[in-house]
Amino acid sequence: MSRIFITGSADGLGQMAAALLLEQGHAVVLHARSERRAREAKSALPKAEGVVIGDLSTMAAAVSVAEQVNALGDFDAVIHNAAVGYREPRKVVTADGLPELFAVNSLAPYILTALIRRPARLVYLSSGLHREGDESLDDLVWERRRWSGYQAYADSKFHDVLLAMAVARRWTTVLSNALEPGWVATKMGGAGAPDDLAKGRETQVWLAVSNDPAAMVSGGYFYHQQPRTVHPAATRAEVQEMFLRECARLSGIELEEK
């Protein structure tokens, strides 16, 4: 049995992955952004060990979530699932002065990775849209660019792949991988999404707990349990390091080298 923490698991793919893990006999700690959402999550999955609460749109809350997770002890895997969607018609600015989409999708996984005690495995949910992400990493927080919710989302999913690859390179004792679940019919994906919803949860669970040699790798990128090509820049250490430096500058939190 493994013990897994999943961000953004009050509904959608996060909740579906948690349900599958619980069915397999694993221990799962959920995450919700509010007390109300936490009650709903625990009601939906009463066998879950508990629920950590925090709105990942602010750095203080992300730090609090990390502290809550660490207070619960060690985990075998952390699945970074929390995200906001690509259909953001305007830039929503957080209390920290950052675009909410960047704060939740890009910076929060960085903060949680840096602060939560290292698990054996880290899993980051990305998207096929990451291939359209801006590899220059110029103006990460959209101070000069004209806002595009689509591009901001693509950028953030590129950042998630960069983070997964950077951790795999730096932390050689941790299995760190990213995946795309496909365009599935969740609240974010919309009712018309064509991909298999059930398969959307399987790869993250497989990477988190499976003893299949194909899952016990690091620095991989997967779709439906099969390796998939990534944005070419995602594998370049200098681009990964540039992203880590920007996250450290914005958050004041450093990711350990080794």
Inset, instruction - Hand me the list of helices (runs of 4 or more DSSP H) wholly inside region 1-97 holding 3 or more residues that are among the aliphatic types (A, V, I, L, M) and open to solvent by less than 40 Å² (accessible area, probe 1.4 Å). - result: 12-23, 59-71
Inset, instruction - Being within 23 Å of K258 (Cβ to Cβ) and in a loop (DSSP other than H, G, I, E, B) is the filter; apply it to region 98-138 and report the residue that is most open to solvent (accessible area, probe 1.4 Å). - result: R117
Legend entry - Which listed residue is touching a Phe, Trp or Tyr at 6+ places or on another chain (Cβ under 8 Å), under 14 Å from A166 (Cα atoms) and aliphatic (A, V, I, L, M), from A215, A234: A234
Legend entry - Where G252 falls short, out of the listed (1) over 23 Å from A103 (Cα atoms); (2) open to solvent by 30 Å² or more (accessible area, probe 1.4 Å): (1)
Legend entry - Filtered residues of region 199-214 (kept if in contact (Cβ under 8 Å) with a residue 40 or more places away in the chain and either part of a loop (DSSP other than H, G, I, E, B) or open to solvent by less than 30 Å² (accessible area, probe 1.4 Å) (or both)): G200, Q204, V205, L207, A208, V209
Inset, instruction - Determine whether A103 is closer than 11 Å to L56 by Cβ and in contact (Cβ under 8 Å) with a residue 24 or more places away in the chain. - result: yes
Legend entry - Test set (1) open to solvent by less than 30 Å² (accessible area, probe 1.4 Å); (2) assigned to a loop (DSSP other than H, G, I, E, B) - E257 fails condition number: (1)
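The values are calculated or read from the model by the stated rules, or taken from the named source; none is laboratory data. Every value quoted in this text rests on a predicted model; they were computed, and no experiment measured them. Neighbour counts run over all protein chains shown; Cβ positions are idealised from the backbone, glycine included. Note: accessible area is taken over every heavy atom of the protein model, side chains too, but ligands, DNA and RNA are not part of it. Shrake-Rupley method; radii C 1.70, N 1.55, O 1.52, S 1.80 Å.
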